[in-house]
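The values are calculated or read from the model by the stated rules, or taken from the named source; none is laboratory data. All values reported here derive from a predicted model rather than from experimental measurement. Ideal geometry is used to build each Cβ from the backbone, glycine not excepted, and the neighbour counts take in all protein chains shown.
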């Protein structure tokens, strides 16, 4: 069995990791390559990607286990075995992908790609879920958030992406006379429009949903309680 490891900064903890890891169908959908999950108690997961001249696909039945600080997913398929393991360590998240797939050429490079992409997705989604879940009331598509400020905007966007599973959507927020709209297309945060009541400002973001940061929303003076809906 071959294994590859990736490490990314992590600003949350084991409990935040566990919260998103316990929703594998939603979490896997945020990985920056194609993942399809179907079925009920024993879900079937299909992973595929094409990168340069490299192609990879694997389908297997999903089993998972959690043991602090590790969250482990095991995919058992006709072609072999693929294991995803995530560890919440001190200020970093470690992703280890292992594969036993006979006949798969260049497996090490493919596992490296899977490890890096999944590490970033799990870290950012866990951070954002932990930052937002205690501040919202309502469904992921129509909710009220308290104490909103620019620093929370990347987390709001990722929270919606995780819980709705939508790669393209528009957030419409309203707080008194203050309004904003954030447009996301195919996991790319395109722009934010902010109407403060005295004028409209437009901020072009043009960053992937996993890369967007606080400073990308600094131009909007958002503060307080907002009603947000996803359209």
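Descriptive notes on the structure:
- Restricting segment 85-102 to residues that are in a loop (DSSP other than H, G, I, E, B) and in contact (Cβ under 8 Å) with a residue 12 or more places away in the chain, the residue that is farthest from residue 57 (Cα to Cα): 91
- Of the residues examined, residue 212 is one that is closer than 22 Å to residue 147 by Cβ, modelled with pLDDT of 95 or more and not assigned by TED's automatic domain parsing to the domain that holds residue 25.
- Residue 170 vs. criteria surrounded by fewer than 21 Cβ atoms within 10 Å (Cβ to Cβ), in contact (Cβ under 8 Å) with a residue 40 or more places away in the chain and touching a strand residue (DSSP E or B) at 6+ places or on another chain (Cβ under 7 Å): yes
- Selection count, segment 32-42, where residues are surrounded by 15 or more Cβ atoms within 10 Å (Cβ to Cβ) and either under 18 Å from residue 80 (Cβ atoms) or out of contact with any strand residue (DSSP E or B) (no Cβ under 8 Å at 6 or more places or on another chain) (or both): 1
- Residue count for segment 32-54, restricted to those that are in contact (Cβ under 8 Å) with a residue 24 or more places away in the chain and part of a strand (DSSP E or B): 6
- Meets criteria (under 19 Å from residue 22 (Cβ atoms) and either at pLDDT below 95 or surrounded by 17 or more Cβ atoms within 10 Å (Cβ to Cβ) (or both)) for residue 95: yes
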